[in-house]
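> I have a structure here, written as structure tokens, and I will follow up with some questions on it.
Taken together, the values in this text are just the output of simple stated rules run on the coordinates, not laboratory data. This structure is a prediction, so every number in the text was calculated from the model and none was measured. Neighbour counts run over all protein chains shown; Cβ positions are idealised from the backbone, glycine included.
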Amino acid sequence: MLQKYADIIIDISHEAIDRAFQYKIPEELINKVETGSYVEVPFGKGNAIRKGYVIGISDVPKWDEDKIKEIKGVPDEGIPIEGKLIRLAAWLKDTYGSTMINALKTVMPVKERVAKKKPQKDLSEFKLDIEKVVSLNSEQTKITDEFTENLIHGVNRVYLLKGVTGSGKTEVYIETIKQTVKQGGQAIMLVPEIALTYQTVSRFKMHFGDRVSVINSQMSKGERYRELMKARNGETDVVIGPRSALFTPFTRLRLIIIDEEHDSAYKSDNSPKYHARDTAIERARLEGASVILGSATPSIESYAMAKLGKYRLWELKERAGGGQLSDVKMIDMREELKLGNRSIISQELYDRMDEAFKNGEQVMLFINRRGYNSCVSCRSCGHAVKCPKCDVALSLHRNGFLMCHYCGHIERQPKKCPECGSNLIGGYGTGTEKVKEAVEKFFPNVKTLIMDRDTTLKKGAHGEIITAFSKKEADCLVGTQMIVKGHDFPNVTVVGIMLADLTLFENDYRAAERTFDLITQAAGRAGRSEKRGCTVIQTYQPEHYAIAAAAEQDYEKFFEMEMSYRQILKYPPVYHMMLVLITSKDEETVNEAAKFTAGLLREVMKDSDTGSVIGPGEAAISKINDVYRRVVYVKNLKYNILVKAKEYTEKKVQEKYPVGDVSLSFDFNPVNMY
């Protein structure tokens, strides 16, 4: 029998993950040892028996075979949670084309040497005006009863909860978690934005008290590790957090909930470029748990799976408490211009805002762009002021500085055109700061807050802004997409969507889906209590199917149109797609490497009648921080063919180019284009 070898880590720490030890697998253990196995091995000069985890198996020795020790045994105590997470890491590696080390560092709650820091602010400091505990309505009860029945009988499923905005999805989440905890299980609740954590935790603490933990990106490494260990030790029943909270080391995990499951924040930007939805489903399979995906606007992928019967579809068609969806007014901004209105606020929106403020109600204005102006350009020669390190225009902020939102470069706004010397240089476009300025001009006595990436850099800033607006310390909240996701402000009766078609012009096959989602979600913030709400959609493209369907709040209409488009152009979920990003600091090298890469991929695809290769071409942003970027796209009906193409291409490029000259990264079924 061919000798097999196992790579084993002895202690879960970053240092140990980077250095695994190879051991022989004795013949009598060959069927017991696999990736994730908990094993006993001789370690060190004295050969003391230590326990470790298998992170990989091969048939190639890394050292002189006589010096490789044998595994002594496999304990009968069952696989600890660390072993299950290692198996999940192996799945990430195989599915998303990562290294095992990167996958392990993603999933494992590793020990780190960190300086002691002040503990993070207790979320109870952010007192929010939240709904009182309410009884479930008949729609909600039917869903939770089905879940409880399946839970008791050990039936694990993936559920898609499609509920209109304000339909009480959170109440369903709370009840399903209650039943899970009652049966001795634990639950993970994912939210796409840190801003959503504050309201969610406040509501959950009403039901679960101190048995709720929160994890977010603003925590120090030490704080994060302490929360994970509380979960590992059974001191917590529920963990709430963004994407990375999926890897909480619960030992009795029985339920994973992904709120706003359509959100692109659930796709990782770093290797392994995993999607939290698919990874949650795999973790649930390994653990014997269920998954609930919730959204008013489900992703095209998830709804297609529900249509095929692979996910159980639940629907909440009415707003909880008898509330109604907001009235929607579509404003064609081209007509506003004809009428002489050059303001970014239409007459209809002005009238609605004026009425709301007079009635002591609040307004939310959404624009998917931060800053003051989108760019600065010269009206004489057309020169646009660009970042010296990136192929993007600099954004003008209200303080008179230009900023690159990719590398952080900052410079003062020029008084004269650097190209032709003309004085006719100024800002164009609209951002959050410019919207705020317009509100203050029309309504000087109104207090307005901005919530975007610039205003939430400080730790705790999300909670402070949400708390202030919830307490009615401000009348108007202007923000980017982080204000439209799941927030519940009962006093908001008017929502204005500025430049609703802005996201339609992105170089992304998901542009229509993202536009529909944002408009529908934004409209859902208005009239969430007994007061009827109004949403004003301002657009230059009122006839586009995504905007028209969002105005009608008609998801089915949008889904059918979008799926037709995906079918014709062979995009996910109809086809699988792999994006290859080739980067180099030398422009000639990157162009040559991109052509070489595309040639390799075409070689792999030539025997597949469902495959195609597009490119190479410049990335949407062809240079970031002095690094040139080229892309190749590969489509195929079979996911495994793309994985094989990745492995072959990566190996050949590494053989041809010295380390550091060229870098390749791969993204399977990307949710953002490059």
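> Around residue 255, which amide H atoms from residues at least 5 apart in sequence, or from another chain, sit under 5 Å from its own amide H, with H modelled in the peptide plane?
186, 188, 290
> Right, next: For the chain, what is the mean residue ellipticity at 222 nm derived from helices alone (per DSSP H run of n ≥ 4: -39500 (n - 2.57); sum divided by total residues; nearest 500 deg cm²/dmol)? Display every interim value, and only then the final one.
Details: 18 runs with 216 residues, N = 674.
After summing the helix terms and dividing by residue count, I get -10000 deg cm²/dmol.
> At q = 0.21, 0.25 Å⁻¹, what log₁₀ I(q)/I(0) does a Debye calculation on the Cα points of the stretch 417-483 give, no solvent, two decimals?
Calculated log10 I(q)/I(0) at the listed q: -0.88, -1.11.
> Here is a further query. Could you tell me how many cubic angstrom of Cα convex hull volume the chain has per residue?
It comes to 185 Å³ per residue, whole-number rounded.
> Over the stretch 457-496, how many percent of alpha carbon pairs lie in each 10 Å bin up to the one with the longest distance?
25, 64, 11
> Taking K and R as +1 and D and E as -1, what net charge do the other residues with C-beta under 10 Å from the C-beta of residue 286 add up to?
+2
> With only alpha-carbon atoms in the gyration tensor, what are the semi-axes of the equivalent ellipsoid for the stretch 369-506, in Å, largest first?
31, 16, 14
> For residue 646, go through the aspartates and glutamates and keep the ones whose alpha-carbon is under 17 Å away, minus same-chain ones fewer than eight residues off.
Filter leaves 94, 603, 607, 655, 667.
> For the stretch 4-107, which semi-axes, largest first and in whole Å, follow from the square roots of 5 times the eigenvalues of its Cα gyration tensor?
Values: eigenvalues 86, 45, 38 Å².
After diagonalising the Cα gyration tensor, the semi-axes are 21, 15, 14 Å.
> Next up: Which entries in the list 471/557; 105/386; 24/84; 105/485; 169/459; 221/273 go over 27 Å, if you measure between the two C-alpha atoms of each? Please list the in-between numbers first.
Details: 471/557 38 Å; 105/386 37 Å; 24/84 22 Å; 105/485 29 Å; 169/459 29 Å; 221/273 21 Å.
From 471/557; 105/386; 24/84; 105/485; 169/459; 221/273, over 27 Å: 471/557; 105/386; 105/485; 169/459.
> Semi-axes of the equivalent ellipsoid of the stretch 576-668: what are they in whole Å, largest first, if each equals the square root of 5 times a C-alpha gyration tensor eigenvalue?
Largest first, the stretch 576-668 gives 22, 14, 10 Å.
> Give the list, by residue number, of cysteines in the chain with no other Cys Cβ closer than 4.7 Å, or say none.
375, 407, 476, 534
> Hey, another quick one. Over the stretch 576-668, what is the relative contact order in whole percent, taking alpha-carbon pairs under 8 Å and six or more residues apart?
Once divided by the residue count of the stretch 576-668, the mean separation gives 45 percent.
> Which FRET efficiency value, to the nearest 0.05, do you get for residue 626 and residue 149 by plugging their Cβ-Cβ distance into 1/(1 + (r/R0)^6) with R0 = 60 Å?
Approximately 0.50, to the nearest 0.05.
> Using only the C-alpha atoms of the stretch 264-306, find the volume of their convex hull and express it per residue in Å³.
83 Å³
> In vacuo Debye scattering of the stretch 332-416, one point per C-alpha: log10 I(q)/I(0) at q = 0.11, 0.17 Å⁻¹?
For the requested q values the scattering log ratios are -0.49, -0.86.
> Can you give the log10 of the normalised intensity I(q)/I(0) at q = 0.09, 0.11, 0.20 Å⁻¹, computed with Debye over equal Cα scatterers of the stretch 135-321?
Log10 I(q)/I(0), no solvent term: -0.29, -0.43, -1.63.
> If you project the alpha carbons of the stretch 222-334 onto their three principal axes, what span does each projection cover, largest first, in Å?
Cα spread of the stretch 222-334 along its principal axes, largest to smallest: 56, 36, 34 Å.
> OK, next. With an 8 Å Cα cut-off and a minimum separation of 6 or more residues, compute the relative contact order for the chain in percent.
11 percent
> Sketch the reach of a paramagnetic label on residue 608 as a point 7 Å from Cα along Cα-to-Cβ, and name the residues of the stretch 574-588 whose backbone nitrogen lies under 19 Å away.
Counting backbone N atoms under 19 Å from the label point, the list is 574-582.
> Checking the table 338/434; 570/606; 623/651 against a 20 Å threshold on Cα-Cα, which pairs fail?
338/434; 623/651, as the Cα separations exceed 20 Å there.
> Over the stretch 135-321, calculate the relative contact order: mean separation of alpha carbon pairs under 8 Å at least 6 apart, over the residue count, as a percent. Walk me through the numbers before you get to the answer.
On the way: 317 pairs, mean separation 64.6, N = 187.
That works out to 35 percent.
> Could I ask something else about it? With θ set to phi - 60° and the Karplus curve 6.51 cos²θ - 1.76 cosθ + 1.60, what are the ³J(HN,Hα) couplings of the stretch 330-341 in order, to the nearest whole Hz, using x for Gly and Pro?
Along the stretch 330-341, the couplings run 9, 10, 7, 5, 5, 5, 4, 5, 4, 7, x, 8 Hz.
> Which trypsin sites (Lys or Arg not before Pro) does the stretch 605-674 hold that lie in a coil by DSSP with at most 11 other beta carbons within 10 Å?
Counting only loop positions with at most 11 other Cβ atoms within 10 Å, the trypsin sites (Lys or Arg not before Pro) in the stretch 605-674 are 606.
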